[in-house]
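Below is one structure; the comments refer to it alone.
The values are calculated or read from the model by the stated rules, or taken from the named source; none is laboratory data. Just so it is clear, the model here is predicted, and its values are computed rather than measured. Neighbour counts run over all protein chains shown; Cβ positions are idealised from the backbone, glycine included. The protein model used for the area step is the full one, side chains on, heavy atoms only, and it has no ligands, DNA or RNA in it. Shrake-Rupley method; radii C 1.70, N 1.55, O 1.52, S 1.80 Å.
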Amino acid sequence: MSVTAHFARRFRFLTLLRASLIAGALYDLAFALLMVFAPELPARWLGLPLPPLPAGAFYLWVMATLLAMLAALYVLAARDTRRYSGIVAVAIAGRIAGGLAMAAAGLRGPHLAGLYPLAAADLGFGLAHAGLWWPLRS
């Protein structure tokens with residue numbers, strides 16, 4: 001493989017990795033905003049129970065804050081992937097672990113089957129990040 005082809009290939013992987021990180025950030029930010037401003041929408045779409053509102057909104061707000069923080073970290077990693085490669089590694093592990101945890105939680109009963117699409121999305125992001133980051137590591 002020529003040097004030019006090698007760098008072109010790396011640039012493609014880097015561009016796709018950055019795009020997947022931005023997509024993950026937008027996904028997390030969208031859910032964070034929905035959990036604060038319209039929690040009944042994703043609950044209805046996915047058929048998932050909500051905590052008793054308004055008192056239980058506190059839990060949704062905490063999760064939304066964490067999701068927004070995660071989205072910000074994804075944007076940092078997308079802007080400077082080499083500098084923030086640790087964030088990329090944590091994003092890969094976290095997405096895959098989160099996807100597996102949601103899939104396992106979905107097995108607890110039919111009332112939690114709405115977790116499967118979320119598990120698939122997290123696993124998809126984690127595997128995409130891993131597949132695009134792996135060739136860039138060296």
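Taking the stated definitions as given, is R95 at negative phi, out of contact with any Cys (no Cβ under 8 Å at 6 or more places or on another chain), without any contact (Cβ under 8 Å) to a residue 40 or more places away in the chain and of a type outside the set (S, T, Y)? Walk me through it before giving the result.
Numbers: at negative phi: yes; out of contact with any Cys (no Cβ under 8 Å at 6 or more places or on another chain): yes; without any contact (Cβ under 8 Å) to a residue 40 or more places away in the chain: no; of a type outside the set (S, T, Y): yes.
Taking the combined requirement at face value, the residue does not satisfy it.
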Those residues of the stretch 109-138 which are assigned to a helix (DSSP H, G or I) and of a type in the set (A, V, I, L, M), in sequence order | L112, L115, L118, A119, A120, A121, L123, L127, A128, A130, L132, L136
If you take the residues in the stretch 31-47 that are within 13 Å of W61 (Cα to Cα) and either part of a helix (DSSP H, G or I) or of a type in the set (D, E, K, R) (or both), which one is farthest from the chain's Cα centre (by Cα)?
-> F37
F58: passes all of (1) under 20 Å from the mean Cα position of the chain (by Cα); (2) in a helix (DSSP H, G or I) but (1)
Within the set of pairs 6+ apart or on separate chains, which have a first residue in the stretch 10-37 that is open to solvent by 40 Å² or more (accessible area, probe 1.4 Å), a second that is polar (S, T, N, Q), and C-beta atoms under 8 Å apart?
-> L14/T81; R18/T81
Filter the stretch 104-116 for residues that are touching a residue at least 60 places away in the same chain (Cβ under 8 Å) and in contact with a Phe, Trp or Tyr (Cβ under 9 Å, 6 or more places away or on another chain) and give the result.
-> G114
Out of the stretch 76-93, which residues are in a helix (DSSP H, G or I), surrounded by fewer than 18 Cβ atoms within 10 Å (Cβ to Cβ) and not basic (K, R)?
-> L76, S85, G86, A89, V90, A93
Counting just the residues of the stretch 102-137 that are surrounded by fewer than 14 Cβ atoms within 10 Å (Cβ to Cβ) and under 15 Å from the mean Cα position of the chain (by Cα), which one comes out nearest to R18 (Cα to Cα)?
-> A120
